[in-house]
Amino acid sequence: MNRAFCVGLAMTLCMAGGGVLDQAVEARTSVADSIPNLSVSRLGSDSTAGHFPLIDSLGRKDSIQTSVPVRPAFKIGHVRTMELANRLPQMDSVIRVLQDYGRELAGNLKAMTLEYNKKYAEFQAGEASWSELVKENKERELEELWKRLQDFERQSKADYAKRSEALIKPLTEKVKSAIDSVAAEGGFAYILDASNGMLFLGPAAVDVTSLVEVKLGLPVLPLPAKSVSDEKKTYLKTQK
């Protein structure tokens, strides 16, 4: 069998095979056309529209709710925490401790200031008669004393603030605990601290000072008439 015959035979088989393949494709297409709505694609794609109707738990089609539920309005309150902390009986002892410590620091600072002023006056009086060596030594003494004075003043302020925070923190935590209880019992979403004033407090914001006073065991001070709500009056009656 020569090469030309082999090539011709191969071409003949390919052409015959192509006709058979075309017939198979046509037959497959006709079968697919006779079976509608069997297209398969990923869920959620556009091609699934019409093939997979939405069915709810009762078997009803296309009834899934898409509306967003309405959220209830937030309940907001406000209170002056520092005002309540200052009224706690324990605050009196805290103030006395801080006053005593402040006087101790101020006394030391005053003594160091007097010492510096005395040294400086001596320097001014004698610098004209001192030798250059003695004058330089006196200047270094003044500089060192001035540095000690500044360091002590800075450290005193920092230490006083630290001790003040340590003594007042238990009182502020006690007030916060009372506020947390009022918030939980009254269903408040937020209770704002109005110690430093608020930019705006609308009529819907509830002054919970009276409620927190009850939790802390403090005398309930009268609020302005417009701030006393029926809700607070009812709550106070239930606490008696």
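Each reported figure results from applying straightforward, stated rules to the coordinates on display, with no laboratory input. Since this is a predicted model, take the numbers as computed values, not measurements. Glycine also receives a Cβ, built like all others from the backbone with ideal geometry; neighbour counts cover every protein chain displayed.
Computed values, structure above
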| item | result |
| --- | --- |
| Ordering of 207-220, 173-186, 116-129 by packing [mean C-beta count within 10 Å, highest first] | 207-220, 173-186, 116-129 |
| Distance in nm between pseudo-label sites at LEU142 and VAL220 (7 Å out along the Cβ direction from Cα) | 6.7 nm |
| Sites GLU165 and LYS75, calculated FRET efficiency, Cβ-Cβ separation with R0 30 Å, nearest 0.05 | 0.40 |
| Extension gain from LEU109 to LEU199, taking 0.36 nm per residue of separation minus the Cα-Cα distance | 28.3 nm |
| Relative pair counts by distance (%), Cα atoms of the stretch 76-239, 10 Å bins | 9, 26, 19, 14, 12, 10, 7, 4, 1 |
| Inter-label distance, nm, simple model (7 Å from Cα along the C-beta direction), GLU185/ARG87 | 1.6 nm |
